[in-house]
Amino acid sequence: MCTVTYFPHGKESYSLRCSRDESSKRPAAQLPSVRRAQKLLALYPYDTMGDGTWMAVQNDGTCFCMLNGYDKNKTKSRGKKSRAQIIPSLLGHTSESQIRMIMRTKRLATFGPFKLIYVSVLKDRLPKVFTWEWNGTTLNSQHNLIGAQIWSSSETADVQARQYRQHLWKSLLEQNPQPTPEGLRPFHFGTETPSALTPAMKLDDAQTVSVSEVIVNNSGITFNYHPGPPWNNLEFMSYSLARR
């Protein structure tokens, strides 16, 4: 059950984090690297099994994050195309209108359910957050979400885990309404024993396999990446991009 959190820190400034939960048997992703995306540069880890990524930031400050959805109908289309390929198909585009048009016209029938998160940054403005949710038959979107956000997905539709993580997130922000990016980091690493409920998740056959953190502000872009279960240590590998 992957978990993504977002927090706006001011004009042109935000942080986005993703705890990636996968089968313990899935091959480890390649470390983040910079890749050319038309006229932009994009920084992201590479999922070799899915031939794509679950999170990417561009040097214009925009960021994408993918959460796999729960396929209650077990549609036959699932598995024909990896959802990891969706974000790379969007990279290189520089405007909200372009992204919205691509998502409206994209053929999604061969993809399993997902939620796509897109953060747009314009000069001297607060970031804008958009989401698209594909349930296997219908695409629903939300535009211009305001304030801090949390999203979770689960292959088992675990409502209890989702509610527990939302409660932890709400409690964190009640205690510290204006946190720094560093102040939000412990949420994804966890302060309690990993279980099926915690953001740092651990089951017999699945667990949190990495934590990705994107921080965007006026001075630049940082992609912090923690490969492996987050309870092993609190160290990130840090990568940077200059703002375009």
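A few points about this structure:
- Computed from the alpha carbon atoms alone, the convex hull of region 88-215 holds 145 Å³ per residue.
- Per-selection Kirkwood Rh - region 44-146 (Cα, Å, 1 d.p.): 14.1
- Cα→Cβ-extended label distance, 7 Å offset, between residue 142 and residue 23, nm: 3.0
- Given their separation in residues at 0.36 nm each and the Cα-Cα distance between them, residue 203 and residue 232 gain 8.9 nm when the chain is fully extended.
- DSSP loop GluC sites (Glu not before Pro) with at most 12 other Cβ within 10 Å: longest gap in the chain: 1-191
- For the chain, the relative contact order works out to 25 percent when only alpha carbon pairs closer than 8 Å and six or more residues apart are counted.
- Scaling against 2.2 N^0.38 Å puts the C-alpha radius of gyration of region 1-73 at 1.24.
- Normalised by the number of residues in region 113-244, the mean separation of alpha-carbon contacts (under 8 Å, six or more apart) gives a relative contact order of 12 percent.
- The convex hull defined by the C-alpha atoms of region 180-244 has an orientation-averaged projected area of 5.0 nm².
- Whole-percent pair-distance distribution, where bins are 10 Å wide, for the alpha carbons of region 83-126: 22, 55, 19, 4
- Debye-sum result for the chain in log10 I(q)/I(0), which assumes one identical scatterer on each alpha carbon, at q = 0.10, 0.12, 0.16 Å⁻¹: -0.43, -0.64, -1.23
- Listed by Cβ neighbour count within 10 Å, with the fewest neighbours leading, 100, 83 appear as 100, 83.
- Unsatisfied cross-links (Cα-Cα over 19 Å) in the set 80/106; 80/202; 39/80; 81/106; 11/123; 11/39: 80/202; 39/80; 11/39
Only the coordinates and a few stated rules stand behind these numbers; no lab work does. Predicted, not measured: the structure shown is a model, and the values here were computed from it. Glycine also receives a Cβ, built like all others from the backbone with ideal geometry; neighbour counts cover every protein chain displayed.
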